[in-house]
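Chemist: This structure is in structure tokens; I'll ask about it shortly.
Quick note: the coordinates plus some simple rules give every number you see, no bench work behind them. From a predicted model like this one, the values you see are computed outputs, not experimental measurements. Glycine gets a Cβ as well: all are built from the backbone with ideal geometry, and neighbour counts include every protein chain shown.
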Amino acid sequence: MKKSLALAGVALAAALAAQPSAAQDRYGQRPPLVVSPDLTAPWVMQLGRAPGRQLARQPRAEQRQVYYPGRDNAAVDRDALRVMDKPRGQRSALPAPDRQIRTAAIQRPVQPQINPIYLPQVVAYDGPEKPGTIVIDTTKNFLYLVESGGQARRYGVGTGKPGFEWSGTHKVTQKREWPDWRPPAEMIAREKAKGRHLPVHMAGGPENPLGARALYLGSTLYRIHGTNQPWTIGQSVSSGCIRMRNEDVMDLYERVGVGTKVIVI
């Protein structure tokens, strides 16, 4: 009898040892959960990728180039992008002028591009003017800087709208980088009648209508200047001034000096 009880006890102990207790089940290692690809594929496809492939990194949105006087604009843009790429909690504030550039690049609406025909190029020239002379054709919206060898450097320009056309011969009497803008009283009154109020004075900078450079023509109120509206190049849109892309007027500014002859036809 005693021998039978002992054998039964040994068998019970072996059975209990073979099975872990319920309390220990929660700490045990479980096999990985496997889901059939047939079930997961539709959900993964809705995320815009095939199973097993990584999502492609989206390219950064294109930035409009903004100029700022006296700054290394390329360096400013790189610094701004480095700050924006950091996690929000690790971003440090940019200097005020750099924030202005970054904000302008983000907030400005995308404008139509100019016709490539108005981009700078060297063309043949067989006119009578000497090298170094500027010739402006207001009917075709081109500015020519005559060069030697029977050629000229041609730029696209914006010219006077109907009622503001003019022609004549003058000389460059002043050159200004990032010029201030003081609209004449007649323009202020004319725009006020249309419900638009112009400032009496605007300091030079990226938002200034005169753009990056200005070449003043004789004693007139007219100038060859840059613009913050480059998409208007090739059109008759101004109040008589000759406007160029900022890149182009900066190039012309370096090529001509005070005293340069300017012919407007």
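Chemist: Using a ≥ b ≥ c from the Cα gyration tensor of segment 169-218 (square roots of the eigenvalues), is it rounded, prolate or oblate, where a/c under 1.5 gives rounded and otherwise the larger of a/b and b/c decides, a/b for prolate?
Modeler: Oblate shape, in that a/c is at least 1.5 and b/c is the bigger or equal ratio.
Chemist: Summarise the long-distance tail of P(r) for segment 114-265 by giving the % of C-alpha pairs beyond 25 Å. Walk me through the numbers on the way to the answer.
Modeler: Numbers: 2760 of 11476 pairs.
In whole percent, the share of Cα-Cα pairs in segment 114-265 beyond 25 Å is 24.
Chemist: Quote the charge dipole size of segment 220-265 about the Cα centre in Debye, to the nearest 20; the model charges only the Cβ of Lys and Arg (+1) and of Asp and Glu (-1). Let's see the in-between values first.
Modeler: Values: 5 positive and 4 negative charges, 35 e Å.
Computed about the Cα centre, the dipole is about 160 debye.
Chemist: Count charges around PRO179 for me, please; just the other residues with Cβ under 11 Å from its Cβ, Lys/Arg as +1, Asp/Glu as -1.
Modeler: Details: positive: LYS175, ARG176, ARG182, ARG213, ARG223; negative: GLU177, ASP180.
Once positives and negatives cancel, what remains is +3.
Chemist: Something else about it: With N residues in segment 194-251, what two-decimal value do you get for its Cα radius of gyration over 2.2 N^0.38 Å? Let's see the in-between values first.
Modeler: Values: Rg = 11.6 Å, N = 58, 2.2 N^0.38 = 10.3 Å.
Normalised Cα radius of gyration, segment 194-251: 1.13.
Chemist: Now, a different point. Modelling each spin label as a point 7 Å along the Cα-to-Cβ direction, I'd like the GLN229/ARG196 distance in nm, to one decimal.
Modeler: Each label point lies 7 Å from its Cα, and together they span 0.5 nm.
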